[in-house]
Amino acid sequence: MKKTRISNQGAFAGLFSAIVASLCCITPVLALFSGATGIAATFSWIEPYRPILIGLTLLILGFAWYQRTKPLTQDINCVCGDHKPKFIQSKAFLFFVTIFSGFMLAFPYYSHLFYPNSNIENQVIYVSERNVGELNYSIQGMTCAGCEAHIEHEVNQLEGILEVNADYDTSSTFVKYDRGTITPDEIKTAIGKTGYKIME
């Protein structure tokens, strides 16, 4: 019974640390669905600690599996009958938690799939070459492909945007726009709404 309790505590602790490890990439997707786009960069400070949290998750879940699968030692005071454990105390539950934790840890690698295809969002057909402007911003707070997709999605909501490419590796965002339709200040405001900071 003690073994099951320790295993369950490990399962919940592992799940919690897996979610915290990916919180910096989960928040922008939640912001997109809730409409509160300004909270997207709230947990970007967690990103440097992500490797530690991933290691902690693996250690905790490994210990939970060890506790759950190690052979029972016979307890003299135990008057145990053959009873079927509840689902939350079963290996199936621990397996489910382990798989879900894996999906949470991998979230930064597929979070961009939750955003609409930004190339289809805007279809500007004719723009005079002299009206095409280009901007390149340094952005603080991007940590994964989900952050890129969040910025691209927000800027593409504006009329007159021809192209947006955000890159978290270089912490930059490139914008091509129609000068006759939109101003750089409006583009800056849209990026600012996401919660990411433009570095001057």
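The values are calculated or read from the model by the stated rules, or taken from the named source; none is laboratory data. As the structure is a prediction and not an experimental result, all values here were calculated from the model. Note that we place each Cβ from the backbone using ideal geometry, even for glycine, and neighbour counts take in every protein chain shown.
For the reader, a short list of remarks on this structure follows.
- Subset of the range 162-178 that is surrounded by 14 or more Cβ atoms within 10 Å (Cβ to Cβ) and not in a strand (DSSP E or B) - its residue that is nearest to the chain's Cα centre (by Cα): TYR168
- Against the numbered list (1) at pLDDT below 85; (2) more than 30 Å from SER44 (Cβ to Cβ); (3) of a type in the set (A, V, I, L, M), LEU113 comes up short only at (2).
- Per the conditions (1) more than 27 Å from the chain's Cα centre (by Cα); (2) part of a strand (DSSP E or B), the sole criterion not satisfied by THR181 is (2).
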